[in-house]
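See below for the structure under consideration.
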Amino acid sequence: MPPKTRKVIIIGSGPAGLTAAVYAARANLEPLMFEGYGWGGQLMLTTEVENYPGFPMGVMGPELMQAFRDQAERFGTEIVPADVTRVDLSSRPFGVWVDDEEYRAEAIVISTGASARWLGLESETSLRGHGVSSCATCDGFFFRDKPMVVVGGGDSAMEEALYLARIGSKVTIVHRRDAFRASKIMVDRALANDRVHVRWNGVVEEVVGDGRVEGVRVRDVVTGETETIPAAAMFVAIGHTPNTELFRGQLELDPDGYVVADGSRTSVEGVFVAGDVQDRLYKQAITAAGSGCIAAIDAERWLELGQALETDQARTASAATGN
Amino acid sequence: MASTKVVEITTDNFQGTVLDSEHPVLVDFWAEWCGPCHMIAPIIDAIADEREDLIVGKLDVDAHPAIAQRYGITGIPFVGLFRDGNLVKKSVGAMPRPALERALGLDE
């Protein structure tokens, strides 16, 4: 028996997906959301969020996402705690599968976000969970009064270093260039912290340690010399890759894997996109949320328009001008 | 929604509930401030609800650091499968349910 066709399926549950869910649910589209194992997205890995408007004293990332999720559920979003394993965007209604379970929808909002990138070293993989981590707020706790290394030069690297400086004895930021690309306020804060040191022009060659991290071997890209920085942990914060494997070959992606979008519209009519999975420029919680709202409104209008055309041409005009 | 079948594991009941258990015990080492721990919480709940052959427990590493230390845990979420008093399988970090079950040998 074919499954009931939903109006909208939302894939991904960060600020973009959950905002799309709030708007779609309030528009009576009865959205079905696949939140995946990484519900809440990247904000779940952060501590204090200081730049989300409406929270003058800041808000904890996971707390903010819980509030988003509660709001989406309040208006009737049905949330499935599973990862989508396959999609078929070649014909409508679109097909979405979780293993053998099939779902159908007239419109899809893709908000699968981006995942932390790793250096790609063998020693990094083997020591993950034994001192190698991409989540300072999760694992910093285990390295009280110990020296630590943070790899990266963006805002998340500064944020992790500052967080870890409150726990560890010393934090060394290893960055491959001689300047950070992080925002000035974050760089200033990091450089002003006595416990934060910077190893400029340094590339990590190997994580040293047997069973647990004991140090990080760094090569200077200018002099070519290597040194091993003693450290009990290495936190990797070198950016993100968009989560688009699911859509490869079915949706236009750019060379780095981001979904190519015109507003919220993708190369497939009826498939909309929001958040970091299509955003290589801003990558903020507030821009993700904003784009989720846009995607939901676009999907709603597109659905209304399609149905109006099929049933009653006259209703089109009023539907397109309403909210 | 949190499963009612999930047992709270503490320093005091670890020996009795986990190590001396006749059944295999899955222990989710977590902390309130750990986002990915919250991310996998629904998976742990679902396993607790679905698997009659397992005892599923959660141990707050912040409140009970001694147990985490004993097993050298330095990354959470850390999910460990205990059988006959031994830690036989483990998984570190948030991951999809199939990957988690594979890592813990629950897919056989």
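Structure notes:
- Filter pass, residue A:134 being of a type in the set (Gly, Ala, Ser), within 18 Å of residue B:96 (Cβ to Cβ) and in the same structural domain as residue A:204 (by TED's automatic domain parsing): yes
- Taken over the range A:151-184, the residue count meeting the criterion of being within 17 Å of residue A:137 (Cβ to Cβ) and of a type in the set (Lys, Arg) is 1.
- The helices (runs of 4 or more DSSP H) falling completely within the range A:95-174 that include 3 or more residues that are surrounded by 19 or more Cβ atoms within 10 Å (Cβ to Cβ) and under 24 Å from the mean Cα position of the chain (by Cα) map to A:136-139, A:155-165.
- Hits in the range B:48-72 (condition: buried (at least 23 other Cβ atoms within 10 Å of the Cβ) and either closer than 20 Å to residue A:135 by Cβ or within 13 Å of another protein chain (Cβ to nearest Cβ) (or both)): B:59
- Annotation note: of A:29, A:45, A:18, the sole residue that is on the phi < 0 side of the Ramachandran plot and under 12 Å from the mean Cα position of the chain (by Cα) is A:45.
- Residue A:49 being more than 30 Å from residue A:248 (Cα to Cα), buried (at least 19 other Cβ atoms within 10 Å of the Cβ) and in the same structural domain as residue A:289 (by TED's automatic domain parsing): yes
- Hits in the range A:60-105 - residues which are under 15 Å from residue A:14 (Cβ atoms) and of a type in the set (Val, Ile, Thr): A:77, A:79, A:84
- Checking each residue in the range A:111-129 for being under 13 Å from residue A:234 (Cα atoms) and of a type outside the set (Lys, Arg) picks out A:118, A:119, A:121, A:123, A:124, A:125, A:126, A:127, A:129.
- Among the residues of the range A:32-88, the ones that are more than 8 Å from chain B (Cβ to nearest Cβ) and of a type in the set (Gly, Ala, Ser) come to 6 in all.
The values are calculated or read from the model by the stated rules, or taken from the named source; none is laboratory data. Quick caveat, the model's predicted, so the values are computed rather than measured. Methodologically, a virtual Cβ is constructed for each residue, glycine included, from the backbone with ideal geometry; neighbour enumeration extends over all protein chains shown.
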